[in-house]
Structure formats: C-alpha cells, structure tokens
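The values are calculated or read from the model by the stated rules, or taken from the named source; none is laboratory data. Note that this is a predicted model, so its numbers are computed, not measured. Cβ placement follows ideal geometry from the backbone for every residue including glycine, while neighbour counts extend to all protein chains displayed. Note: areas computed on protein heavy atoms with side chains; ligands, DNA, RNA excluded. Shrake-Rupley method; radii C 1.70, N 1.55, O 1.52, S 1.80 Å.
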Amino acid sequence: MRIPDTCVMELDSMEFHSYHGCFEKERAEGNRFLVDFKGEVPLKKCAKSDRLEDALDYGEIFKLVREEMDKPSNLLENVAWRIVARIHEAFPDIYPFAVRVSKQNPPVGGSCEWSRITVKYPDTDGCGLHF
C-alpha cells in the first residue's frame, strides 16, 4: 500500500468585514467577505511524528489572508491575486492550491447573494482543486 506524501488542507469560509469595491459606499461602509483556501500540503513528516511543529500552521495562512483583506482594493481579482502571491511566497511547499474570495450582496443592480473570484496556483485546470 502506498500512502500519499500530501493531503488536501482546507480553510473554509474565513469571514472578514472589508472595504473592497469601486463605489464610494462600498469603501465607506464595507461588506461581508468570505475567503476559502484549498491546497495540497506535505503530509509525511507530520503524519509520522504527530508533532505540531512538523505540520503546516493553519493560523499563519489565516493571518496572511487577514492582512490582505485589510488592504482595500477596487477589485476582487486584485485581492485574490495578492492572497495567492503571499501564500506562494510564504509556503512554497503548498502546491497546487486555490483561493476563492466571495463578496456578499455585490452591487449589480439586482438581487445577487454572492460574487466570487477563484485564483488557482498554478493557473491550470489540471491542478484538480475545485470548490
């Protein structure tokens, strides 16, 4: 039996009140955003040792996401891209991974519960990570 070297880690529905958007009202009042992370992370060392220091720290990923969500942007594309860039820089062993940023009640001129942007690293459909 071959035990895999990686596992899929997910942080689902990280919630933030942020100030992203192109309109003055969005920048002044803010909105509710959810961020999802899904990525393949190394498994073997921490699975064998059962030691926290050998595992990927979920809290560090949350911290990077929060830092980027705290910086206002006009576009969700910019926010998602920055989050992906930060995670890739800080955790090069996470490969592949995807980040989805969702904005509640986007101003589209009608009823719409969420708008979403997903950025995958690498940017291929072959990475197999879907939300």
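Do the conditions hold for S115, that is, is it without any contact (Cβ under 8 Å) to a residue 40 or more places away in the chain and not basic (K, R)? When the stated conditions are applied, S115 passes them. Of the residues in segment 89-107, at least one is farther than 30 Å from P4 by Cα and either within 12 Å of the chain's Cα centre (by Cα) or among the aromatic types (F, W, Y) (or both). Selection within segment 101-119: residues that are under 19 Å from D70 (Cα atoms) and charged (D, E, K, R). The member of this set that is surrounded by the most Cβ atoms within 10 Å (Cβ to Cβ) is K103. Of the residues G109, G59, the single one that is at positive phi and small (G, A, S) is G109.
For the residues S73, S115, the requirement of being outside any loop (DSSP other than H, G, I, E, B), touching a Lys or Arg at 6+ places or on another chain (Cβ under 9 Å) and either over 16 Å from L11 (Cα atoms) or among the hydroxyl-bearing types (S, T, Y) (or both) singles out S115. Among the residues of segment 63-73, those identified as under 13 Å from the mean Cα position of the chain (by Cα) and open to solvent by less than 70 Å² (accessible area, probe 1.4 Å) are L64, V65, E67, E68, M69. Within segment 58-75, the set of residues being in contact (Cβ under 8 Å) with a residue 24 or more places away in the chain and in contact with a helix residue (DSSP H, G or I) (Cβ under 6 Å, 6 or more places away or on another chain) comprises L64, V65, S73. The residue that is least open to solvent (accessible area, probe 1.4 Å), among those in segment 10-57 that are free of Cβ contacts under 8 Å to residues at least 12 places away in the same chain and part of a loop (DSSP other than H, G, I, E, B), is A55. Name the single residue that is nearest to Y19 (Cα to Cα) among those in segment 82-100 being touching a Lys or Arg at 6+ places or on another chain (Cβ under 7 Å) and either in contact (Cβ under 8 Å) with a residue 60 or more places away in the chain or open to solvent by 70 Å² or more (accessible area, probe 1.4 Å) (or both). Looking at the filtered set, the residue picked out is R100. Only residues that are in contact with a strand residue (DSSP E or B) (Cβ under 8 Å, 6 or more places away or on another chain) and over 18 Å from L34 (Cβ atoms) were counted in segment 92-107, giving 4. Only residues that are within 11 Å of the chain's Cα centre (by Cα) and more than 16 Å from S115 (Cβ to Cβ) were counted across segment 16-37, and they come to 1.
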